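Here's the structure we're looking at; comments come further down.
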Amino acid sequence: MPIVRCLMWLLLVGLAVASLLGMARSGLSARVPHCAAEAPRNLTVGVLEVASSPSQDRSRLQVAVRRDHSLECVDLSGRRLRLNWHFPPPIQVGEVWRVEAKVRAPWGYRNPGGFDYERWLFGNGIDGVGYIRSGEPLLAPLKNLRQRVRATVAERLADRRHGAHLRALATGDGSALTDAEWALLRRTGTVHLLVVSGLHVGLVALLGYGLGAAAARLVPAALVWLPAGWLAAAFSLAAMTGFVWLCGADPPALRAGVMSGLAALAFAGGRRAPVASWLALAAVMVICVDPGAVLTQGFWLSFGAVAVLIAGFANRMPVLGWVASLFRAQVLMVLAMTVMTATVVGEVAPAAGLANLIAVPWISLVAVPLVMFSLVVTLAGAPFDGLGWTLADLAVSALLNGLKVLGDGQPHPLPVPLGQGLAALAAFACALGATHWRVRLACLPLWAAGLMVFQDRPAEGQFEVLALDVGQGSAALIDTRNHRLLFDAGPRFPSGFDVGEAVVLPAIAATGRRRLDRLIVSHGDLDHAGGAAAVLRGAPAASVWGDAPELNAKPCRRGERWTWDGVAFAVLHPPAGYPRSGNDGSCVLQVSAGDQRVLLTGDITRRVEATLVANGLAPATLLFAPHHGSGTSSSKRFVEAVNPPLVFISAGWRNAYGHPSPQVVRRYRLLGSQVWMTGIEGALQWSSATPQQVVAHRRERNASWAWWVNRPPAGALGSR
């Protein structure tokens, strides 16, 4: 039997590995190629998911391409796409539409810290992204049962104060949550509590098991044809399956469903195999069914959390009893989620530990049972469901009020490098598995040290520049030994997406220093200044300069000079009295250390360039090309005067403005300059200590293992 069991495990693991390799190969081959973006495409698509913004002016659809009528470059039939539609008509899951869409390869920001959008797309089986220009319905099927249930719940919760949160808990629909509400959950590390996750599916399965066990005791044995354990398991499976179905059978819910189902069957069958074996079996089955799950954060967090619970209850001390064991398991869970989030997500919210210590029991024992009770009563058509929803609303209100107290004033989550996260995880596993309390105490300092962020700093008289990939915008960090300056803060979009919060703040934290000594906003255009307010909320600056009256900024004026740690800073433009508005009012900053100079130019045009040259502009080692490489800037005289060996162009990949201009790129290259574009190369890192070297995050950082990261096409404009 041991040999047979071993062979079975080898077979299952082999299937999982084969599934992973097949996923990697098929996923990369199915990815939309770059050439697909060259022209709009006419597609027939089936709607798989619809998520609308709270204002209903924008929908994000996940669709399956049934037929590609364009056939330029590649046939997109059979691929899954994630498409935005601004001011869409009413659209529902299951409908078939003929649309005109712009489709492109998966592409995301590549910076230190922040969300890895490309990995998320790959892990969820999405082959391309884009937006819909227009469309018409071809087939509108009758509203299915799931949609009717969701519509009923949404109608019952329309007037509730926290109806959006209750909908998220009851049906997995979090589209009505605002950006501010998501931000609060993220600051407190509790996103997993207010969206359907393994915790909620497990709780529903547990409630079902309890109901089944109670039914087995209350109903006469003659009327029950199943043993008590199997009846409880049947109730558990039914409740769990119904809840997963209602939530749209999303991958996280499916994973939790597999785990819960195996657990119920194990309890019912009285299997003597270790619980850890059932957990491993569940993991293998999930990988076989959904190989992309290994690239998602939820897979590792879900299985890791269950593993910690198993370990926590396995070492339960009989003297303490179940109440003490539950408390112990809760503390272990908070510590484990902190470490696993640091490792898997790459960040830690300072308030997450205390917030989860309070919120997890409240959600588990109060909010979710009330929501599930109210949901069942509503679907049964009982007239007294309003009481249940009122109590559930009060429970969620109490939770959110507590989170606001903990989250207000908290900084942006602290990023943790992968190596340090793994070290902390190993230390935690050591402490969890140790049997002697002295060994556990010895592991705790290692656990804490693993979560600390260490960062090398430039030597005295040296400085480093990090040009961030913020799309069509600008943001650059300049570090000396003991000081940090941010030049521009990235864009903010009408949709509410703020690059300052989503990209710049994580990069600031990921590179080691959360406070800014100075923020300079070159000028007031949203692609340069839009993210400034969010940046200052998360990383306060000692002073703010530039065209940002709403931030009480000091005007940027020629002649301003200062020195930090042996590095000289000088403002070259605009002079006193110069109009602050417009591109030519941009602040021009020169940073120098010894023979190395960097020139940051904002959006100045040829007119200001001529003035700078007339004033005796010195050559620079590194130039930030004016106005994103636009043809209105980078005149021949200016380029020859600066004569930069390196040119950084801060512009978005395939941006609508056609930046950079091919003529401008050619002009720099004729001088022998290396031209680097953030939208293609990702964040660009340069140091005065190694002035010939540039580190590009898309091509060089993580290139050996992040195989899901897209690469630009050969010869792309603005790439080497």
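The values are calculated or read from the model by the stated rules, or taken from the named source; none is laboratory data. Just so it is clear, the model here is predicted, and its values are computed rather than measured. All Cβ positions, even for glycine, are placed from backbone atoms using ideal geometry, and neighbour counts span all protein chains on display.
Across the stretch 565-586, what is the total count of residues that are in a loop (DSSP other than H, G, I, E, B) and closer than 20 Å to SER688 by Cα?
Residues meeting the conditions: 2.
Within the stretch 546-561, which residues are in a loop (DSSP other than H, G, I, E, B) and among the hydrophobic types (A, V, I, L, M, F, W, C)?
Residues of the stretch 546-561 that are in a loop (DSSP other than H, G, I, E, B), as a first pass: 547-548, 552-553, 555-560.
Those that are in a loop (DSSP other than H, G, I, E, B) and among the hydrophobic types (A, V, I, L, M, F, W, C): ALA548, ALA553, CYS556.
Might you let me know whether the stretch 332-342 holds any residue that is without any contact (Cβ under 8 Å) to a residue 40 or more places away in the chain and surrounded by fewer than 17 Cβ atoms within 10 Å (Cβ to Cβ)?
Within the stretch 332-342, none of the residues are without any contact (Cβ under 8 Å) to a residue 40 or more places away in the chain and surrounded by fewer than 17 Cβ atoms within 10 Å (Cβ to Cβ).
Which one is surrounded by the fewest Cβ atoms within 10 Å (Cβ to Cβ), of the residues in the stretch 650-675 that are among the basic types (Lys, Arg) and over 14 Å from SER633 (Cα atoms)?
Among those residues, the one meeting the criterion is ARG669.
Looking only at the stretch 530-546, count every residue that is within 18 Å of HIS573 (Cα to Cα) and buried (at least 24 other Cβ atoms within 10 Å of the Cβ) and tell me the total.
As a first pass, look at the stretch 530-546 and keep what is within 18 Å of HIS573 (Cα to Cα): 544-546.
Within this subset, residues satisfying the condition of being buried (at least 24 other Cβ atoms within 10 Å of the Cβ) are 546.
Matching residues across the stretch 530-546 total 1.
Residue under question is VAL598, and the condition is that it be of a type in the set (A, V, I, L, M), crowded, with 17+ Cβ neighbours inside 10 Å and either in a strand (DSSP E or B) or free of Cβ contacts under 8 Å to residues at least 12 places away in the same chain (or both); does it hold? Talk me through it step by step, then tell me what you get.
Working: of a type in the set (A, V, I, L, M): yes; crowded, with 17+ Cβ neighbours inside 10 Å: yes; either in a strand (DSSP E or B) or free of Cβ contacts under 8 Å to residues at least 12 places away in the same chain (or both): yes.
Yes, satisfied.
Of the numbered conditions (1) part of a loop (DSSP other than H, G, I, E, B); (2) in contact with a strand residue (DSSP E or B) (Cβ under 9 Å, 6 or more places away or on another chain); (3) not hydroxyl-bearing (Ser, Thr, Tyr), PRO90 fails exactly one; give the number of that condition.
(2)
Would you mind finding the one in ASP527, ASP469 that is touching a residue at least 12 places away in the same chain (Cβ under 8 Å), assigned to a loop (DSSP other than H, G, I, E, B), surrounded by 20 or more Cβ atoms within 10 Å (Cβ to Cβ) and acidic (Asp, Glu)?
Values: ASP527 fails: assigned to a loop (DSSP other than H, G, I, E, B).
Answer to the check: ASP469.
With the checklist (1) assigned to a helix (DSSP H, G or I); (2) closer than 29 Å to GLY682 by Cβ; (3) at pLDDT below 85 in hand, flag the one item VAL535 doesn't pass.
(3)
Here are ARG580, ARG561: which of them is among the charged types (D, E, K, R), under 23 Å from ASN482 (Cα atoms) and surrounded by fewer than 20 Cβ atoms within 10 Å (Cβ to Cβ)?
Numbers: ARG580 fails: under 23 Å from ASN482 (Cα atoms).
Within the list ARG580, ARG561, the selection yields ARG561.
For the condition in a loop (DSSP other than H, G, I, E, B) and either within 26 Å of the chain's Cα centre (by Cα) or at pLDDT 95 or above (or both), what is the one hit in TRP653, TRP676, TRP686?
Numbers: TRP676 fails: in a loop (DSSP other than H, G, I, E, B); TRP686 fails: in a loop (DSSP other than H, G, I, E, B).
Only one candidate passes the filter, namely TRP653.
Please tell me if LEU519 is outside any loop (DSSP other than H, G, I, E, B), surrounded by fewer than 24 Cβ atoms within 10 Å (Cβ to Cβ) and in contact (Cβ under 8 Å) with a residue 24 or more places away in the chain.
No.
Could you look through the stretch 76-87, keep only residues that are in contact with a Lys or Arg (Cβ under 9 Å, 6 or more places away or on another chain) and either modelled with pLDDT under 90 or more than 19 Å from GLY174 (Cα to Cα) (or both), and pick out the one that is surrounded by the fewest Cβ atoms within 10 Å (Cβ to Cβ)?
Result: PHE87.
Say we look at the stretch 91-107 and pick out the residues that are under 28 Å from the mean Cα position of the chain (by Cα) and surrounded by fewer than 22 Cβ atoms within 10 Å (Cβ to Cβ); which of these is farthest from ALA476 (Cα to Cα)?
The extreme case among them is GLY94.
Take ASP116 and decide whether it is within 29 Å of ALA683 (Cα to Cα) and out of contact with any Cys (no Cβ under 7 Å at 6 or more places or on another chain).
Spelling it out, ASP116 is indeed within 29 Å of ALA683 (Cα to Cα) and out of contact with any Cys (no Cβ under 7 Å at 6 or more places or on another chain).
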